[in-house]
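The block underneath contains the structure these notes are about, expressed in structure tokens.
The values are calculated or read from the model by the stated rules, or taken from the named source; none is laboratory data. Everything quoted here is computed from the prediction, not taken from an experiment. Cβ sites come from the backbone with ideal geometry, for glycine too, and all protein chains shown count toward neighbours.
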Amino acid sequence: MDAIVADDLRKHYGAIQALDGVSFAVRDGEVFALLGPNGAGKSTTVRVLVTLTRPDAGKASVAGHDVLREANAVRRTIGYVPQDSGVDPYGTGRENLMLQGRVQGMGGRDLQSRVKELLELVGIADAADRVVRGYSGGMKRRLDIALGLVHRPRVLFLDEPTTGLDPEARVAMWAEVSRLAQAEALTILLTTHYLEEADELADRLAIVSQGRIVVEGTPRELKAQLRGDAVQVELQDGRLDDAKRIMASVGAEPETVLDERTVVARVEDGGRALPGILAALEGAGIGVAGVSLSRTSLDDVYLHYTGRDFQREDRGEQ
Amino acid sequence: MQTLRHTWFMVVRQSRNLAREPIWIVLLLVQPMIWLILYGQLFKNVTRLGGFGTASYVTFLAPAIVVMNAFFGATWSGMSMITDLDRKVVERFLATPASRLAIVLSQIVRSAVTAAIQAVIILIVALALGVHVHTGALGWVVVIVAAMLVNSAFAGISQAIALLTRREATMIAIANFIGLPLLFLSSTLLAQKQMPHWMKIASRFNPVNWGVKAARGVVLPGTDWGIVAQDLGFLLLLSAVTAGFATWTFRSYQRSL
């Protein structure tokens, strides 16, 4: 059964079309990632699914409940860990968790023992009775996640779970999420703009760009569609068309043009092909300013399906 | 029922946070003490003008200061909502089955409870200054209730402004804008009889004045319970209306998400 179904979701804010027909399905028990640069529409998609935002058009259901018609049933089934924490900084970790449990209809012994269990599970039991304002970034994030889990939800939404964490804390968080998914038998939908994160955590992922799902599959499937290696050549001057023709003639078919001086080609075995490509360009009198060779990553998948460079787009460049 | 329970949980949360920084309550009490002690001393002979119902100006002033303090507190109560909106605490609750009404009501109730606590403290100081509450224990209760009702009536408006503007600077400007005019258009500092005619008329429509009249009515001799009940009734009605308005603005905030 599908834990989450999004069907042609559309939403605009003023002139901005945040969602332009988003459709995907997440199976029960899997970890699914929405991967895309900042502003692609990932968070808006999540906000629709957790009943915070109403879509202009389209349908969605979570755990079999319609997000518009059965919003409260959805709210009881899900845990939502928003991008901006939402923790009350003047309360203690335990108080935050207790209140969250109470508004989810829990109480008494059950709630107390659940809160204790969670504090230990996410590793902040020692700080449980301290005011959250004094927590470190990593501790706060752990509390955020615990808040999403108090009422034993079946589906957990993690919006950018590791944004703002240092690399070390990020890797620790990945381990944490995998462990929680197992321990709590959860279906997880996470959004991220870190390609490694999706690669590391997700059973399946969908690439989101400009309010649409561009492609969907397992990280392995997506990477397998792009065989070989990516050779990126940066020219000294702008003789792009000449360079493309020459590269094609030695078997390195240009795939994407990144800017007026940079072209990316895909070749079967980059290490072997590279000397030939460089020799051919030099022979034609085209100066090469730089060259790089990379194994297929989700970066390449993104580039392949959208024609745009992920990192640049994420930083808001054109 | 669920709304009441959720309101209670949220009031507990807000009160606990407030108690962690009792400096806030102290700060909010300094100003009324200044009015009560300095103003009360400075203008103590003003009662000779007549129409005050007592020769002791501080007795005339004390119940009104309790109400004034509750009123000023209310105009600021939306700040706490803005903080919760900014910190996304409200959004976190919206993704749960938490009662939407409770999110708004808890802010108003917390504000009114704070006003009640301050009222008790001010009354104790007034007692020490020699103020005698003519109707005794019941009078105390009425003064506190008047303070709570004036507070909740204006807290509803303050919550609505918070939800509509969502900006602290705007809130501060509006709080300052309505604070002093409504104070001077009431009989807080001076007997009704000493007001210019147009002010007397205007003060009839000033909810702050309803609270002042009710509170003062039970402190001074010659209490007219009918008028006290009527003023409190108006305030209760107004509180319901402004709470309704605040709830309506909360809906429009939700739609804007």
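Taking A:GLY58, is it under 26 Å from the mean Cα position of the chain (by Cα) and modelled with pLDDT under 95? Give the derivation first.
Values: under 26 Å from the mean Cα position of the chain (by Cα): yes; modelled with pLDDT under 95: no.
It is false that A:GLY58 is under 26 Å from the mean Cα position of the chain (by Cα) and modelled with pLDDT under 95.
Among the residues of segment A:57-75, the ones that are crowded, with 17+ Cβ neighbours inside 10 Å and basic (Lys, Arg) come to 1 in all.
With respect to the stated conditions, A:GLU221 is loosely packed, with under 14 Cβ neighbours inside 10 Å, at pLDDT 85 or above and within 23 Å of the chain's Cα centre (by Cα). Taking segment A:141-157 as the range and being in contact with a helix residue (DSSP H, G or I) (Cβ under 7 Å, 6 or more places away or on another chain) and either within 12 Å of chain B (Cβ to nearest Cβ) or not in a helix (DSSP H, G or I) (or both) as the test, the residues that pass are A:LEU143, A:LEU147, A:VAL150, A:HIS151, A:PRO153, A:ARG154, A:VAL155, A:LEU156, A:PHE157. For segment B:66-79, the count of residues that are of a type in the set (A, V, I, L, M), at pLDDT below 95 and more than 24 Å from B:VAL212 (Cβ to Cβ) is nonzero. Quick one: how many residues across segment A:38-52 are more than 17 Å from A:THR77 (Cα to Cα) and either within 14 Å of chain B (Cβ to nearest Cβ) or buried (at least 24 other Cβ atoms within 10 Å of the Cβ) (or both)? Total satisfying the criteria: 6. Here A:GLY107 fulfils each of the conditions (1) within 12 Å of chain B (Cβ to nearest Cβ); (2) over 22 Å from B:VAL90 (Cβ atoms); (3) at pLDDT 95 or above apart from (3). Suppose we keep only residues that are out of contact with any Ser or Thr (no Cβ under 6 Å at 6 or more places or on another chain) and among the small types (Gly, Ala, Ser) within segment A:34-55. Which one would you say is modelled with the lowest pLDDT? That would be A:GLY39.
Residues considered: A:PRO82, A:PRO89. Of these, the only one that is at pLDDT below 95, within 25 Å of A:ASP166 (Cα to Cα) and within 22 Å of the chain's Cα centre (by Cα) is A:PRO82.
Among the numbered conditions (1) at pLDDT below 90; (2) within 30 Å of A:THR44 (Cβ to Cβ), the only one that B:LYS44 does not meet is (2). Within segment B:1-50, the set of residues being facing chain A (nearest Cβ under 9 Å) and surrounded by fewer than 16 Cβ atoms within 10 Å (Cβ to Cβ) comprises B:GLN2, B:ARG5, B:ARG16, B:ARG20, B:GLU21. Checked against the criterion of being among the β-branched types (Val, Ile, Thr) and under 18 Å from B:PHE245 (Cβ atoms), segment B:136-158 has at least one qualifying residue. Residue check: A:GLU95 meets all listed conditions (1) within 9 Å of chain B (Cβ to nearest Cβ); (2) surrounded by 23 or more Cβ atoms within 10 Å (Cβ to Cβ); (3) modelled with pLDDT of 95 or more; (4) in contact with an Asp or Glu (Cβ under 8 Å, 6 or more places away or on another chain) but one, namely (2).
All of B:GLN107, B:GLN159 fail the test of being within 14 Å of chain A (Cβ to nearest Cβ), surrounded by 24 or more Cβ atoms within 10 Å (Cβ to Cβ), on the phi < 0 side of the Ramachandran plot and not basic (Lys, Arg), apart from B:GLN107. The set of residues in segment A:244-260 being more than 29 Å from the chain's Cα centre (by Cα), closer than 20 Å to A:HIS304 by Cβ and surrounded by 14 or more Cβ atoms within 10 Å (Cβ to Cβ) consists of A:LYS244, A:MET247, A:ALA252.
For the condition out of contact with any helix residue (DSSP H, G or I) (no Cβ under 9 Å at 6 or more places or on another chain) and either within 23 Å of A:LEU186 (Cβ to Cβ) or β-branched (Val, Ile, Thr) (or both), A:VAL48 qualifies.
Would you check if A:VAL87 is in contact (Cβ under 8 Å) with a residue 12 or more places away in the chain, more than 19 Å from A:ALA3 (Cβ to Cβ) and within 14 Å of chain B (Cβ to nearest Cβ)? Quick ask: steps written out before the conclusion?
Values: in contact (Cβ under 8 Å) with a residue 12 or more places away in the chain: yes; more than 19 Å from A:ALA3 (Cβ to Cβ): yes; within 14 Å of chain B (Cβ to nearest Cβ): yes.
Yes: the conditions hold for A:VAL87.
Yes/no per residue for (1) among the charged types (D, E, K, R); (2) surrounded by 17 or more Cβ atoms within 10 Å (Cβ to Cβ):
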residue	(1), (2)
B:ARG166	yes, no
B:MET171	no, yes
B:ASN176	no, no
B:LEU180	no, no
B:SER186	no, yes
B:LEU189	no, yes
B:LYS193	yes, no
B:LYS200	yes, no
